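A.B. asks: Before we start, here is the structure in question, set down as structure tokens.
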Amino acid sequence: MPIVDLSFVLTGNTLPADHGYALYGAISRILPALHPPGIALVEQGADPIWKDVGIHPIFGANAGNRLILLGPHSRLRLRVPSEMTSEVLCLAGKRLDVDGCALLVGVPQIQSLIPAPTLRCRMAVIKGYMEPEPFLESAQKSLRELGIGGRAALVPRSAGPSREGRYSSIEGRSPWIRRTLRVRDKTIVGYALTVSELTAEESILLQEKGIGGRRRLGCGIFVPVKE
């Protein structure tokens, strides 16, 4: 089944930079079908459809104090099987409470996945791999298992502040962009990742499948790198 992105206009002020878990919870309260215990199977014996769902991280300007400031181009984007679009479209007009921050979900657009030779992922999480070299080896293995011949690479960090507005952080002790995600009382570690040298077919497949877990929390979701 084809996978598409649903991109919703957002109205709001600020949002926690680490908002993946809270955003998923807010959306699941409106769309309980995105939560594994409540999801129905597409057909008997099929994989549950939520496994193909990803929720993109929301981007905005650095506001300091681990907050981002939403702007006119900030969007709520869900990557879903095309057969789920009518169900997900009901988010339009709803209000989301994301860790105490109010968001109004506006008009959506349905966007097809676009192939590109290089894709990037803000944060990929692979269970059991927290150090950069083993993580990269596991990511490359995941590509091979998908039948993708691209080349995975970690992303070097810059000298500027992180999106959380901090210069000294876990990222600052590594030459690579290393990020964390809070899930209840746990801290999940992952890395920014690029995959290059992709064919058009491989590019679409990687956008559909991703690498690692926590896709509904904003991890493992790949988008094209603009040339």
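A.B. asks: Does segment 70-93 contain at least one residue that is surrounded by 14 or more Cβ atoms within 10 Å (Cβ to Cβ), within 21 Å of ILE188 (Cβ to Cβ) and of a type in the set (Val, Ile, Thr)?
C.D. replies: No - not one qualifying residue is present in segment 70-93.
A.B. asks: Does GLY218 satisfy the criteria of being crowded, with 16+ Cβ neighbours inside 10 Å, over 17 Å from VAL4 (Cα atoms) and not aliphatic (A, V, I, L, M)?
C.D. replies: no
A.B. asks: What are the pairs, 6+ residues apart or on separate chains, where a residue within segment 194-205 that is over 14 Å from LEU146 (Cβ atoms) and in contact (Cβ under 8 Å) with a residue 60 or more places away in the chain has its Cβ under 7 Å from a residue that is surrounded by 14 or more Cβ atoms within 10 Å (Cβ to Cβ) and not aliphatic (A, V, I, L, M)?
C.D. replies: Here the result reads THR194/THR118; THR194/ARG120; SER196/PRO117; SER196/THR118; SER196/GLY150; GLU197/PRO117; GLU197/GLY150; ALA200/PRO115, each pair linking segment 194-205 to a residue that is surrounded by 14 or more Cβ atoms within 10 Å (Cβ to Cβ) and not aliphatic (A, V, I, L, M).
A.B. asks: What's the number of the condition GLY147 fails, among (1) in a loop (DSSP other than H, G, I, E, B); (2) modelled with pLDDT of 95 or more; (3) within 19 Å of the chain's Cα centre (by Cα)?
C.D. replies: (3)
A.B. asks: Here's something else I'd like to know. Scan segment 74-133 for residues that are of a type in the set (Val, Ile, Thr) and either under 22 Å from SER203 (Cβ atoms) or at pLDDT 95 or above (or both) and jot them down.
C.D. replies: Matches in segment 74-133: VAL80, THR85, VAL98, VAL105, ILE110, ILE114, THR118, VAL125, ILE126.
A.B. asks: To continue, here is another question. Looking at segment 109-132, can you tell me whether even one residue there is without any contact (Cβ under 8 Å) to a residue 60 or more places away in the chain, buried (at least 19 other Cβ atoms within 10 Å of the Cβ) and at negative phi?
C.D. replies: yes
A.B. asks: Out of all the residues in segment 157-204, which are modelled with pLDDT of 95 or more, surrounded by fewer than 13 Cβ atoms within 10 Å (Cβ to Cβ) and of a type in the set (Asp, Glu)?
C.D. replies: Answer for segment 157-204, where residues must be modelled with pLDDT of 95 or more, surrounded by fewer than 13 Cβ atoms within 10 Å (Cβ to Cβ) and of a type in the set (Asp, Glu): GLU197, GLU201.
A.B. asks: Given the conditions (1) within 17 Å of LEU154 (Cα to Cα); (2) aliphatic (A, V, I, L, M); (3) surrounded by 15 or more Cβ atoms within 10 Å (Cβ to Cβ); (4) under 16 Å from the mean Cα position of the chain (by Cα), and given that VAL225 satisfies all but one, which numbered condition is not satisfied?
C.D. replies: For VAL225, the exception is condition (3).
The values are calculated or read from the model by the stated rules, or taken from the named source; none is laboratory data. Being a predicted model, the structure only gives us computed values, none of them experimental. Here Cβ is always computed from backbone atoms with ideal geometry, including for glycine, and neighbour counts include all displayed protein chains.
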